[in-house]
Amino acid sequence: MSKKSKTEPADDFGGFRAGFSVLVGRPNAGKSTLTNALVGKKVAITSAKPQTTRHTIRGIVHRDDAQLILVDTPGLHRPRTLLGKRLNDLVADTLAEVDAIGFCLPANEKIGPGDKFIAAQLAAAGRKPVVAIITKADLVDKQALTEQLLAVAELGREVLGGDGWKDIVPVSASDGFQVDTVADVLIRHMPPSPPLYPDGELTDEPEAVMVAELIREAALEGVRDELPHSLAVVVEEIVPREDRPEDNPLLDVRVNLYVERPSQKAIIIGKGGSRLREVGTNARKGIEALLGTRIYLDLHVKVAKDWQRDPKQLVKLGF
C-alpha cells in the first residue's frame, strides 16, 4: 500500500485525497453491509451468522475529489481455533497498513466485553485515527441511539484517553441514513494522493475469491449456528465452455464446499440434494452478475475433518 505521506500539502494533487480505511468490530457488527452500502454494490458477503467474512475484501469508493479504499475484515474475537487465531492475525496485519480505522458498534446491542477487547486492540495499534461508527441505527429509537452514542463516547475516553475517538457517526446501511457522512468523515483522514485505482473499479479481489464468497453466503442461509465456522469454499476452476457461439458464451464454474463432519455434509446437501440445488440457484444469480455471463455451476460437498485446527488443511483451503 504505497502512498504519499500525510505531511505533503494537498495542493500537490489538486486537493485530491486517497487511502485505505479498515472497518473492524466484533462479528455481526454490520461491517460487510456497510462496505456494500458505501461502495454502492455488493463486494462483501453478508449473513446474520457471525464470522461470515474470511477474507479482507477491498471495496473502492470513488468521489470527484477522493478515493476511499475500504478493507472489510473478519470480526475480531477471542480465538478458539487455529483458524480464529489466523483471522485475528489478518486483522492485526491490516490495522498496521491503513490510514484510518472505522470501529463498528451496533446501535441495538449494549457495549460488551467483545467491544472492549477490540477497543483495547485498537489502542495498542498506534496512533491511527479511529472513527466510531454506530451501525444499525434504524433498529432503535432516538432515545436508545442517544444512550448508545454517549456510551460509545465514554468507551473512547476510557481506552484512548483525552477526547477519545476522532469522530462518532451513527449510520444505517439498510436505509442509507448517513452512509455518505461515514464516507466524508473517513475521507478527511486520508492523505493527499492521486487516485490509487482506476475509475470505476470497485474491488481488487480476484474473481475466484468473490465467487467463493457468494457461494458461502448462499450456503449459510437458514442453517444451524454451528455451520458458518465449519464451511470453506474453494473454486477449482472457471473455464469457458468449448464450442459455444460467440454471442452465447457459457462458463463452467467448478466448486468444492468443505465441512468438518458427515452430519454437516448432510445439512448442506439436504434431502435428495434439495438444499444444495437451492444454494446453487441462489448463488448463480450473483455469480452471473459478477462475471457478466451465463454459468454452469458444479457444486460438490466434501468432508475435511477438523480443518479449522489442522495447519496443513488450513493452507490447502487458503488460510
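The values are calculated or read from the model by the stated rules, or taken from the named source; none is laboratory data. Keep in mind that this is a model prediction, so the values were computed, not measured. We place every Cβ from the backbone using ideal geometry, glycine too, and count neighbours over all the protein chains shown.
Some observations on this one:
- Residue ID - nearest to Ala18 (Cα to Cα), chosen from residues in segment 74-104 that are in contact with a Leu (Cβ under 8 Å, 6 or more places away or on another chain) and at pLDDT 65 or above: Ala100
- Yes/no for Arg309 being over 24 Å from the mean Cα position of the chain (by Cα) and surrounded by 13 or more Cβ atoms within 10 Å (Cβ to Cβ): no
Yes or no, residue by residue, for (1) modelled with pLDDT under 70; (2) among the basic types (Lys, Arg):
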| position | (1), (2) |
| --- | --- |
| Gly14 | no, no |
| Ala18 | no, no |
| Ser21 | no, no |
| Arg26 | no, yes |
| Ala29 | no, no |
| Thr33 | no, no |
| Gly40 | no, no |
| Ala44 | yes, no |
| Ala48 | yes, no |
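- Hey, Ile134 in contact with a Cys (Cβ under 9 Å, 6 or more places away or on another chain) and either farther than 30 Å from Gly14 by Cα or surrounded by fewer than 18 Cβ atoms within 10 Å (Cβ to Cβ) (or both) or not: yes
- Considering each residue of segment 110-125 in turn, none proves to be at pLDDT 85 or above, out of contact with any helix residue (DSSP H, G or I) (no Cβ under 7 Å at 6 or more places or on another chain) and closer than 20 Å to Val39 by Cβ.
- Filtered residues of segment 215-230 (kept if surrounded by fewer than 21 Cβ atoms within 10 Å (Cβ to Cβ) and either modelled with pLDDT under 70 or hydrophobic (A, V, I, L, M, F, W, C) (or both)): Leu220, Gly222, Val223, Arg224, Asp225, Glu226, Leu227, Pro228, His229
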